[in-house]
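Just below is one structure, and these are the notes that go with it.
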Amino acid sequence: MRTGMAQEDLAKLRIDKSAAADRPSGHGRRRYWIIGAVIVAVLAGLFFSGMLKPVREVQVVTIQKTYPSQAITLLNASGYVVAQRKAAVASKASGRLVWLGVEEGSRVKQGDILARLESEDVAASREQAAANLINSRTMLEQARAELHDAELSYGRLKSLVSQGIVARSEFDTAEARYRKARAAVAGAQAGIGSAAAALDAARVAVEFTMIRAPFDAVVLTKNADVGDIVTPFAAAANAKAAVVTLADMGSLQVEVDVAESNLEQVRTGQPCEIQLDALPENRFCGTVHMIVPTADRSKATVLVKVRFDETDRRILPEMSAKVAFLSRPLEGGERTPRITAAHAAVVERRGRKVVFLARDERAVETPVTLGERLGDVVEIVRGVKAGDRVVQSPDDSLTDGARIKIVEK
């Protein structure tokens with residue numbers, strides 16, 4: 001009996017193999033440690049790279065080209081380029097336009113023929129007047145010959161009549177002939193003057209059919225074409241008055257409106273800097289030419305005319321322009337643009353000046369070399385270029401590579 005119970009107890013004794021399998025071996029523990037180390041390294045890399053750091057909201061400013069003149073600008077005004085000498089060229093005569101030798105943009109010299117009207121009738125009148133002048137000169141030669149013969153006959157009979165050789169009546173006839181010959185010469189001379197005047201009038205009439213440039217200029221608009229009827233005042237239906245419109249490019253000035261409250265900052269002869277919207281990369285030196293002595297009551301402004309100190313073929317009438325009125329003339333180096341940034345965008349890190357470029361949603365620390373201060377901005381000689389965007393007023397916690405989100409102002 002006792003022996004059977006012992007066997008039953010021995011049968012209950014078993015080794016739990018599943019528990020042994022659950023306990024990690026030395027090799028398994030080593031694998032877990034490796035996986036944990038990799039995870040920690042990845043997390044550390046992500047942390048130090050900024051991936052796990054919170055995104056910083058920042059404002060950015062753009063690196064710009066700044067002209068030194070901005071620091072000495074007293075006043076800015078907008079206006080347009082206007083030709084002070086401009087003409088709508090027409091003909092004093094009426095007729096059909098048969099030739100036009102210019103187009104928009106053509107440069108002409110004073111006296112150049114721009115166009116011609118039909119001129120057959122006035123040309124014929126000129127030829128007739130020239131023939132009449134020749135005929136008058138021939139008649140003068142005949143009158144002079146007659147005068148010479150009458151004068152000789154008169155002289156001979158005068159001496160003979162005093163001696164009683166010829167009759168008094170014969171002498172009187174010779175004297176009358178002499179006087180008549182003198183009158184004929186005077187009349188012939190007057191006829192030459194009249195014929196010459198008629199020829200001049202005919203030549204002027206022919207000249208009226210030729211439209212010439214009144215001064216050195218550029219053709220702005222072409223108002224008529226070959227075949228159009230041109231009249232001085234365009235009184236007829238479908239007739240043209242002006243054939244072309246010219247402008248003297250040497251007389252170009254910028255006309256701007258200056259508020260009455262700012263007029264005390266403007267004076268004749270004051271240096272200016274002119275910027276044209278059509279040529280944004282260029283700045284032109286100018287001088288206040290005139291302050292028009294009247295005000296526009298509707299706008300409370302006064303018209304100011306600024307002339308260009310230098311001419312440029314690219315400057316055209318009616319271009320929009322901005323004028324900066326300066327406190328002093330520009331020096332040589334002040335006409336060159338500078339690369340600038342706001343003062344707040346430049347900070348010091350580890351003893352050097354840097355800016356933080358906003359690039360691919362990251363703040364990239366970039367060393368810069370500074371130049372002179374220009375008003376509210378500072379010149380950057382090296383490190384960035386115009387158009388780059390940098391973080392405005394970065395604090396000490398902003399580091400290189402930090403994730404950023406640009407917030408608009």
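The values are calculated or read from the model by the stated rules, or taken from the named source; none is laboratory data. Just so you know, these numbers come straight off a predicted model, no measurement behind them. Please note: Cβ atoms are built from the backbone with ideal geometry, for glycine as well, and neighbour counts cover all protein chains shown.
Among the conditions (1) outside any loop (DSSP other than H, G, I, E, B); (2) at pLDDT below 95, residue 80 misses just one, which is (2).
Can you name the residue in the range 242-281 that is acidic (Asp, Glu) and assigned to a strand (DSSP E or B) and is also surrounded by the most Cβ atoms within 10 Å (Cβ to Cβ) among such residues? Here the residue is 273.
So which of 154, 178 ends up being without any contact (Cβ under 8 Å) to a residue 60 or more places away in the chain, assigned to a helix (DSSP H, G or I), of a type outside the set (D, E, K, R) and touching a Ser or Thr at 6+ places or on another chain (Cβ under 8 Å)? Give the derivation first.
Numbers: 154 fails: touching a Ser or Thr at 6+ places or on another chain (Cβ under 8 Å).
Just a single option satisfies the conditions, and that option is 178.
Of the residues making up the range 311-326, just one is modelled with pLDDT of 90 or more, within 14 Å of residue 287 (Cβ to Cβ) and not aliphatic (A, V, I, L, M), namely 325. Residue 298 passes every criterion in (1) under 30 Å from residue 260 (Cβ atoms); (2) surrounded by 11 or more Cβ atoms within 10 Å (Cβ to Cβ) apart from (2).
Taken as a whole, the condition of being in contact with a Leu (Cβ under 7 Å, 6 or more places away or on another chain) and in contact (Cβ under 8 Å) with a residue 24 or more places away in the chain applies to residue 321.
Only one residue in 382, 349 is over 37 Å from the mean Cα position of the chain (by Cα) and either over 22 Å from residue 254 (Cα atoms) or not basic (Lys, Arg) (or both). Which one? Outline the logic, then answer.
Working: 382 fails: over 37 Å from the mean Cα position of the chain (by Cα).
Among 382, 349, only 349 is over 37 Å from the mean Cα position of the chain (by Cα) and either over 22 Å from residue 254 (Cα atoms) or not basic (Lys, Arg) (or both).
The single condition from (1) more than 60 Å from the chain's Cα centre (by Cα); (2) in the same structural domain as residue 95 (by TED's automatic domain parsing) that residue 146 fails is (2).
Right, residue 293: in contact (Cβ under 8 Å) with a residue 12 or more places away in the chain and either surrounded by fewer than 18 Cβ atoms within 10 Å (Cβ to Cβ) or assigned by TED's automatic domain parsing to the domain that holds residue 389 (or both) or not? When the stated conditions are applied, residue 293 does not pass them.
Regarding residue 299, is this residue within 30 Å of residue 392 (Cβ to Cβ) and either among the polar types (S, T, N, Q) or not in a helix (DSSP H, G or I) (or both)? For residue 299, the condition - within 30 Å of residue 392 (Cβ to Cβ) and either among the polar types (S, T, N, Q) or not in a helix (DSSP H, G or I) (or both) - is not met. Each residue in the range 204-234 was checked for being closer than 19 Å to residue 111 by Cβ, of a type in the set (Val, Ile, Thr) and assigned to a loop (DSSP other than H, G, I, E, B), and 1 of them qualify.
Yes/no per residue for (1) farther than 25 Å from residue 336 by Cα; (2) of a type in the set (Lys, Arg):
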residue: 352; (1), (2): yes, yes
residue: 364; (1), (2): yes, no
residue: 367; (1), (2): no, no
residue: 371; (1), (2): no, no
residue: 384; (1), (2): no, no
residue: 388; (1), (2): no, no
residue: 393; (1), (2): yes, no
residue: 399; (1), (2): yes, no
residue: 402; (1), (2): yes, no
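Residue count for the range 337-371 satisfying the condition of being in contact (Cβ under 8 Å) with a residue 40 or more places away in the chain, assigned to a loop (DSSP other than H, G, I, E, B) and of a type outside the set (Asp, Glu): 1.
Scoring residue 283 on the criteria (1) in the same structural domain as residue 105 (by TED's automatic domain parsing); (2) of a type outside the set (A, V, I, L, M); (3) touching a Lys or Arg at 6+ places or on another chain (Cβ under 9 Å) leaves a single failure, condition (1). Taking the criterion of being in a helix (DSSP H, G or I) and touching a helix residue (DSSP H, G or I) at 6+ places or on another chain (Cβ under 8 Å), the residues of the range 104-126 that qualify are 122, 123, 125, 126.
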